[in-house]
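Attaching a single structure in structure tokens format; questions to follow.
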Amino acid sequence: MSVWFPTSLPTLVRRERASLAAALGAPVVALGGAIALNLGLYVLMGRDPAAVVYAMLFEPFLSWASFSEVLLKAGPLLLIAQGLAIGFRAKVFNIGAEGQFILGAIFASAIPVWFPQASGQWIWPAMLLLGAIGGAIWASLTAFWRVRLNANEILVSLMLSLVAAQLLNYLLLGPWKDPNGFNFPQSVMFQYDAMVPTLITGTRVNVSFLITLGLSVAAWVFMQKSFMGYKLQVGGLAPRAAGYAGFREGWAIWLSLLIGGFAAGLAGAAEVAGPLGQLQRSVASGYGYAAIIVAYLGGLHPIGIVISALVMAVIYIGGDNAMVSASLPIAAVRVFQGSLLLAYLIAVAFVRYRLEWHRTAQRSLP
Amino acid sequence: MNAIEFILAGMLAAATPFLLAALGELVAERAGVLNLGVEGLMALGAVLAFIVVYHGGGHFLGFIVAGLGSAALSLLFAFVTLGFRANQVAAGLAIGILGQGLSALFGKTYESLTVKGLPKLALPALSELPVIGGLFVQDIVVWISLAATLALWAILAYTKLGLVVRAVGENPKAAHAIGYSVISVRILAIAFGGAMAGFAGAYAAVVYTPLWADGMIAGRGWIAIALVVFGTWLTGRIFLGACLFGAVSLMGLAAQATGLDVPSQLLSSLPYLVTIIVLGIISADRRLLKLNGVASLGEPFER
């Protein structure tokens with residue numbers, strides 16, 4: 001042991017009770033750490049850090065036009081992350097939200113693609129509902145594989161995301177391609193009634209943002225106040241205890257995945273019926289993966305997730321800005337996301353542990 | 001060349017990235033660590049090797065740099081999971097996203113460029129055989145990978161080093177009690193897994209299809225993780241599984257060559273679909289998984 005870790009190094013010692021201060025501080029510290037680390041990287045890449053900071057962290061707030069884009073971006077991240085967090089708390093690691101999101105977009109698009117002339121106020125709500133059902137159906141495959149066949153849900157849900165991306169490509173290059181679209185891989189533009197009504201005039205923020213906020217409240221009630229949510233959490237924290245109490249594991253897996261798929265599918269539907277206005281490849285832009293980080297960064301808590309979704313949306317919009325004004329490659333956003341999650345995982349260790357600098361050798365002796 | 005000859009000739013080369021990455025992950029998991037970042041580690045290895053080879057550094061140096069780079073990134077995983085006892089699933093995902101981001105960042109100016117691959121070496125006599133002759137015409141990395149597979153099998157099964165790694169994964173408390181440093185064994189296992197993922201990515205980018213494109217690893221890292229489950233943590237079965245996936249990933253090409261009227265997207269998703277199906281079949285036998293599975297997999301070690 002001493003070869004690798006000299007005893008002078010600090011050691012983690014379990015706290016007697018979890019530290020609330022550390023729990024609240026962890027995301028903030030992680031964000032600061034990730035910003036510092038990534039700025040260092042940009043300097044190494046020869047970029048002006050001041051320009052990047054300005055573009056990434058300030059510009060999104062400087063005009064209503066760009067802040068409304070932050071809200072627009074935060075919507076799907078928030079919705080997907082709320083769904084995922086419920087599963088993560090029950091230790092059901094659905095990391096296939098990207099595929100469920102894509103299926104939601106596809107299911108929702110079926111109405112305007114098949115009935116381009118249809119009109120009526122029922123169309124966009126029906127699309128959102130259909131999309132949510134599509135996402136839940138895609139997630140139910142993972143649930144079936146996990147519960148009936150005992151297959152690891154991480155691998156199955158991820159594989160299904162890769163299949164979903166191919167399915168999207170197939171539809172856009174084949175049967176659903178717009179015949180008048182100059183051979184671009186995209187569907188027809190949706191008709192007026194297939195679009196979610198705008199919430200704030202002059203911006204692209206639409207009614208689905210309200211639905212997302214409403215569902216966030218529902219997630220909070222479900223997780224903090226309902227018996228079902230309690231059962232799920234017990235199953236995640238102490239599977240054995242949950243078993244003795246009669247909480248079935250299979251039930252928790254089905255519920256977690258269906259909720260996650262429903263939320264991701266709804267987000268996918270809102271994306272095509274909102275900012276995109278048609279089914280196109282760019283719908284598969286990694287929201288499903290980013291939402292995993294949003295869920296963790298929000299401490300898997302419905303309220304924390306609202307804040308972390310906004311933070312992540314700022315990083316997205318700011319990254320777009322920095323791409324233009326500081327010529328930062330867009331891949332930098334992915335690097336930022338990865339390092340942010342790593343920094344959070346380090347910071348969050350201090351909720352349950354504290355560092356002790358003088359751990360004497362004698363203490364480990366009997 | 002008919003479809004069977006085509007698949008036999010290319011199978012081992014197509015299997016090599018799966019095999020290398022899965023062997024690395026096997027060692028990490030045997031030591032009790034679930035590293036889900038393989039996809040990102042492979043992507044980083046791929047871009048590093050590509051950059052070295054593109055600038056004339058040669059394939060050997062390319063593989064070395066890829067192995068070191070990915071091992072370094074995997075040590076970050078070790079730092080977070082072993083040093084700070086972070087959830088291994090979340091940390092693996094973070095490493096995966098970070099690796100993919102870094103690879104896209106480094107590879108931006110190399111997008112769609114190509115390099116020269118490696119020549120194929122034919123075994124005398126055996127390569128003359130009808131139908132299966134193609135199996136014996138392979139590049140040097142394939143031969144080295146086969147030797148590495150054999151060596152790893154022997155080390156894990158028959159040496160003290162292998163025993164220590166397995167003990168640390170099965171019962172870390174006991175391994176610690178008899179004086180082995182669980183943490184250092186796990187650090188080394190993670191670094192080994194990272195280096196192997198780097199080699200796997202390097203093979204994909206500078207030998208198998210010698211070009212760089214963002215997203216070129218295309219889920220192979222995840223399939224490698226699934227392969228460890230398919231192989232029920234046994235080297236020989238992982239090798240067979242890798243060959244199966246090598247064959248499956250060639251079936252798409254073979255089907256297109258024979259003019260079969262199947263959408264190319266269905267053929268591209270074949271490896272993913274096969275992964276889902278095989279994972280279901282193998283996992284359904286719970287006894288098999290329990291018998292061979294690693295007891296402390298994914299659990300942080302606390303003294």
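The values are calculated or read from the model by the stated rules, or taken from the named source; none is laboratory data. Here the structure is a predicted model, which is why all the values come from computation and not from measurement. FYI the Cβ positions are ideal-geometry reconstructions off the backbone, even for glycines, and counts take in every protein chain you see. Each accessible area value is taken on the protein alone, full model and side chains, heavy atoms only, with ligands, DNA and RNA left out. Shrake-Rupley method; radii C 1.70, N 1.55, O 1.52, S 1.80 Å.
First check a/c for chain B, with a ≥ b ≥ c the square roots of the eigenvalues of its C-alpha gyration tensor; if it is under 1.5, answer rounded, and if not, answer prolate when a/b is larger than b/c or oblate otherwise.
Note, shape of chain B comes out prolate.
Same structure, new question: If you take the beta carbon distance between A:L237 and B:K290 as r and set R0 to 25 Å, what does 1/(1 + (r/R0)^6) give as a FRET efficiency, to the nearest 0.05?
According to the calculation, E is roughly 0.60.
While we're looking at this one, here's another question. Give the aspartates and glutamates reachable from A:K225 as a straight Cα distance under 18 Å; neighbours fewer than 8 places away on the same chain don't count.
Answer for A:K225, where 18 Å is the Cα cut-off: none of the aspartates and glutamates qualify.
Using modelled backbone amide H atoms (1.01 Å from N, in-plane), which distant-in-sequence or interchain residues come within less than 5 Å of B:Y180's amide H?
none
How many angstrom separate the Cα center of the stretch B:73-126 from the Cα center of the stretch A:163-192?
Rounded to whole Å, the Cα centres lie 33 Å apart.
Separate question: Can you list residues from other chains, or at least 5 along the same chain, whose modelled amide H is less than 5 Å from the amide H of B:L34?
Residues meeting the amide H criterion: B:G298.
At what distance in nm do the modelled label points of A:T11 and B:K160 sit from each other, each positioned 7 Å from its Cα along Cα→Cβ?
2.6 nm
Using the Cβ atoms and a cut-off under 11 Å, what net charge is assigned to the surroundings of A:S325, where Lys and Arg are +1 and Asp and Glu are -1?
-2
Quick one: compute the contact order of the stretch B:1-122, relative version, from alpha carbon pairs under 8 angstrom and 6+ residues apart, as a percent.
The value is 30 percent.
While we're looking at this one, here's another question. Give me the net charge of A:Q100's neighbourhood, meaning all other residues with Cβ under 13 Å from the Cβ of A:Q100; Lys, Arg count +1, Asp, Glu -1.
Net charge in that neighbourhood comes out at -3.
Run down the aspartates and glutamates and flag those whose C-alpha is under 17 Å from the C-alpha of B:K108, throwing out any fewer than 8 positions away in its chain.
A:D320, B:D214
Using a Förster radius of 60 Å, what is the FRET efficiency between B:T209 and A:L20 based on their Cβ-Cβ separation? Nearest 0.05, please.
Result of the calculation: an efficiency of 0.70.
Which residues, if any, in the stretch B:91-115 lose at least 50 square angstrom of accessible heavy-atom surface (probe 1.4 Å) when the other protein chains sit next to their chain rather than the chain being alone?
Residues of the stretch B:91-115 that lose at least 50 Å² of accessible area once the other chains are added: B:L93, B:A94, B:I97, B:L98, B:L105.
While we're on this one: Just to be sure I understand: if I project the alpha-carbon convex hull of the protein assembly as shown onto a plane and average over all orientations, what area do I get in nm²?
31.6 nm²
Can you bin the stretch B:1-48 into rounded, prolate or oblate? Criterion: square roots of the alpha carbon gyration tensor eigenvalues sorted a ≥ b ≥ c, rounded for a/c under 1.5, prolate for a/b above b/c, oblate for the rest.
Judged from the Cα gyration tensor, the stretch B:1-48 comes out oblate (a/c at least 1.5, b/c at or above a/b).
Take the alpha carbon atoms of the stretch A:255-310, find their center, do the same for the stretch B:244-297, and report the distance between the two centers in whole angstrom.
Cα centres, the stretch A:255-310 to the stretch B:244-297: 28 Å.
Just from the alpha-carbon atoms, what are the Rg and Dmax of the stretch A:106-258 in angstroms?
Computed over the Cα atoms of the stretch A:106-258, radius of gyration and Dmax are 19.7, 62 Å.
Considering only B:L273, B:L234, B:L36, give the residue with the highest GNM mean-square fluctuation for chain B, with springs between Cα atoms whenever their separation is below 10 Å.
Top of the fluctuation ranking is B:L273.
While we're on this one: Tell me, in nm to one decimal, what length is gained between A:Q191 and A:W357 on full extension, where the rule is 0.36 nm per residue of separation less the Cα-Cα distance?
Here the answer is 53.2 nm.
Cα gyration tensor of chain A, axes a ≥ b ≥ c as square roots of the eigenvalues: rounded (a/c below 1.5), prolate (a/b > b/c) or oblate?
oblate
Charges at C-beta only: +1 for Lys and Arg, -1 for Asp and Glu. How large is the resulting dipole of the stretch B:55-170 about its Cα centre, in Debye rounded to 20?
Once rounded to the nearest 20, the dipole reads 240 debye.
How much net charge surrounds A:L167 when only the other residues with a Cβ under 15 Å from the Cβ of A:L167 are counted, with Lys and Arg +1 and Asp and Glu -1?
Local net charge: +1.
Take every Cα-Cα distance within the stretch A:1-143, group them into 5 Å bins from 0 onward, and report for each bin the whole-number percent of pairs it holds.
Reading upward from the zero bin: 2, 7, 9, 10, 12, 13, 13, 13, 9, 6, 3, 1, 1, 1, 0.
Estimate for me the total accessible surface buried between chains A and B (protein heavy atoms, probe 1.4 Å, no ligands or nucleic acids), in Å² to the nearest 100.
Buried: approximately 4300 Å² between B and A.
Could you provide, to the nearest whole Å², the per residue accessible area of chain B with probe 1.4 Å?
40 Å²
Moving on. Say we join alpha carbon atoms closer than 10 Å with springs in a Gaussian network model of chain A; which of A:Y54, A:Y316, A:Y289 then has the biggest fluctuation?
A:Y54
Of the candidates A:F182, A:F61, A:F144, which one comes out as most mobile in a Gaussian network treatment of chain A with C-alpha springs shorter than 10 Å?
Comparing A:F182, A:F61, A:F144 in a Gaussian network model of chain A, the most mobile one is A:F182.
Quick check for you: with a 1.4 Å probe and neighbouring chains kept, what is the accessible area per residue of the stretch A:21-156, in Å²?
Normalised by residue count, the accessible surface of the stretch A:21-156 is 39 Å².
To continue, here is another question. If I model a spin label at A:R204 and A:F182 as a point 7 Å from the Cα along the Cα→Cβ vector, what separation in nanometres do I get?
1.9 nm
Additional query: Could you give the length gained by full extension between B:T109 and B:A122, i.e. 0.36 nm per residue of separation minus their alpha carbon distance, to one decimal place?
Contour length minus the Cα-Cα distance gives 1.1 nm.
A follow-up question, please. When only Cα pairs under 8 Å and 6 or more residues apart are kept, what is the percent relative contact order across chain B?
Here the relative contact order equals 37 percent.
Against the longest alpha carbon principal axis of chain B, how many degrees, from 0 to 90 and to the nearest 10, is the axis of helix B:38-54 turned?
That helix lies at roughly 50 degrees to the long axis.
Stretch A:Q117-A:A51 to full length: gain in nm at 0.36 nm per residue minus the Cα-Cα span?
Stretched out fully, the A:Q117 to A:A51 stretch lengthens by 19.0 nm.
Read phi for every residue in the stretch B:119-133 and hand back ³J(HN,Hα) as whole Hz from Karplus 6.51 cos²θ - 1.76 cosθ + 1.60, θ = phi - 60°, with x for Gly and Pro.
x, 8, 10, 9, 6, x, 6, 4, 6, 7, 4, x, 6, 8, x
Also, quick follow-up: Pop out the carbon and sulfur fraction of the accessible area of chain B as a percent, whole number, probe 1.4 Å.
Here it works out to 70 percent.
Where a Cα-Cα gap under 27 Å defines reach, which lysines qualify for B:K290, not counting those fewer than 8 residues away within the same chain?
Filter leaves A:K91, A:K231, B:K160, B:K173.
Next question, about the same structure. Run the numbers on chain A and let me know its relative contact order in percent, using alpha-carbon pairs under 8 Å that are six or more apart.
Reported as a whole number, the value is 38 percent.
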